[in-house]
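Below is one structure, written out as structure tokens, with a few remarks after it.
Values quoted throughout were computed directly from the atomic coordinates according to the rules given, and no laboratory measurement underlies them. Computed from a predicted structure; not experimentally measured. Reconstructed Cβ throughout: ideal geometry from the backbone, glycine too, with neighbour counts over all protein chains shown.
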Amino acid sequence: MNILLLGSGGREDALAWALRQSPSCNHLIAAPGNPGIARWAECLAIDPSDPAKVVALARERNVGLVVVGPEAPLVAGVADACSEAGIPVFGPSAAAAMLEGSKGFTKDLCLAEGIPTARYVRTDDLETANASLDEFGLPVVVKADGLAAGKGVTIAMTRAEAEAAVRAANGGPLVIEQFLEGEEASLFALVHGEQAVALASAQDHKRVGEGDTGPNTGGMGAYSPAPVLTPELERRAMEEIVLPTARAMVRAGTPFVGVLYAGLMLTDEGPKLIEYNVRFGDPECEAIMPRLKGDVAQLLLAVAEGRMDAVRPELSAEHSMTVILAAGGYPGTPRKGGTIDGIEAAERVPGVTVFHAGTARHGSGALLAAGGRVLAVTAVGPSLAEARARAYQAVDAIDFADGFHRRDIGWRELERSA
Ligand code: AMP
Ligand code: GLY
């Protein structure tokens, strides 16, 4: 079949790489893609968030599966438009994408279904907000409702910080919640309607600086699996969190289809939901795809079509690590135009693939930085320590003078396993 992949980041490069290797994939098209994706797909400059344009392209090219990478096209109703046109699509409807689009929606669903999550208050009223700060004590978590690319969350250590975060919302909708203690891990589940199958676990590093310090980013690195999410905890997360969510979405008339990314806090009482995303994580996807065996296109098509009996993802026992090379200035204003060299040398390190997250090809053929996160250097190995060694050997082979990266991806797990 012909496949249309939507998006232009490192996550989509990893998806394109996996789809290209699928025996069932005939022609692979990406909209808009990037110079890395162009290694595996025909890239077309079409707005991935324009439902009519996506459907027209899919029809014209006889596409048998649309795979949606980022959340924006989902929230814009691209999956709805594909479904209405009878084109199988991997990704939820706009209504089901509310699980990511509105934190308040997800919190209310958790409360109604008894799904373990932090206690919370949802309000746009200053007085109610300040009263709930009293209730939760410190630290307290203040979140702007709506898509905020991970930037709308304040973990307030003092009352003054909490009040400032409330004021910063300017009367907009807020979720104020109890601070959960524990270690975070992510669980990716393939879902169609009431049925859900665990795919993989991962952990990412959201802070820009080593030791997990400094401002939040989209993610500076990731690894998979996350052994802290033991098989028993994963089973509990599926039974207590993911499956009740899937059933509630069906009952609401908005069934979920695609990958549900559960951000979990592993607390003393068990896994609790921090947030949902309705798509693969970035850079978690770059770490997961190289572990996924078999025909990935068939796997995603089976999810899209609701043939969940055929959804038996098989992951290699190997560990993988992704290290992000970011442009100077990120996560503020990244400097564009820095030259990148040495990707071929990096990919000669065994087990290494370099995914493009934010690159552009200059007319001369030179590869330039064109985004905050620029490259996602990924390695697999028999252990996390081995994957780490390979990933950093590859990072060191890359010449990107204007970039920076963290040297300590995976530190928690590496300390534990040492
Ligand atoms: P979110 O956008 O909801 O994922 O929040 C961003 C980050 O804030 C999460 O990855 C956590 O590190 C942290 N966080 C969010 N909610 C809580 C909570 N209730 N307790 C502790 N940390 C939280
Ligand atoms: N790495 C976090 C995310 O994709 O939301």
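Points to keep in mind about this one:
- Taking amide hydrogens as placed 1.01 Å from N in the peptide plane, the amide H of residue 179 sits under 5 Å from those of 141, each at least 5 positions away in sequence or on another chain.
- Charge dipole (debye, nearest 20) of region 1-141; +1 at Cβ of Lys and Arg, -1 at Cβ of Asp and Glu: 660
- Pair residue 161, residue 412: separation of 7 Å Cα→Cβ label points (nm): 1.8
- Summary value for the chain: 16 percent relative contact order, contacts being C-alpha pairs under 8 angstrom separated by 6+ residues.
- Whole-Hz ³J(HN,Hα) from phi, Karplus 6.51 cos²θ - 1.76 cosθ + 1.60, for region 315-328, glycine and proline x: 10, 5, 6, 6, 9, 9, 9, 10, 10, 8, 9, 10, 7, x
- Summary of packing: across the peptides 334-344, 98-108, the per-residue average of other C-beta atoms within 10 Å ranks them, highest first, as 98-108, 334-344.
- Computed 3J(HN,Hα) for region 254-266, one whole-Hz value per residue from the Karplus formula 6.51 cos²θ - 1.76 cosθ + 1.60 where θ = phi - 60°, is 10, x, 8, 9, x, 10, 9, 9, 9, x, 10, 10, 8, glycine and proline marked x.
- Other-chain or far-sequence residues with amide H under 5 Å of residue 93's (modelled H): 257
- Exposure proxy shown here: for 245, 378, the number of other Cβ atoms within 10 Å sets the order, fewest to most, as 245, 378.
- Counting only residues at least eight positions apart within a chain, or on another chain, there are no lysines with an alpha carbon under 16 Å from that of residue 336.
- Pairwise centroid distance, computed over Cα atoms, of region 363-418 with region 284-315, Å: 25
- For residue 107, a cut-off of 24 angstrom between C-alpha atoms picks up these lysines, skipping any fewer than 8 places away in its own chain: 143, 151, 206, 272.
- Under Stokes-Einstein, with the Kirkwood radius over Cα pairs as Rh, the value for region 7-127 at 4 °C and 1.567 mPa s is 81 µm²/s.
- Peptides 86-92, 7-13, 39-45, 206-212 ranked from most to least packed, by the mean per-residue count of other Cβ atoms within 10 Å: 7-13, 86-92, 39-45, 206-212.
- Proximity of backbone amide H atoms, modeled 1.01 Å from N, is registered between residue 275 and 263 at under 5 Å, excluding neighbours fewer than 5 places apart on the same chain.
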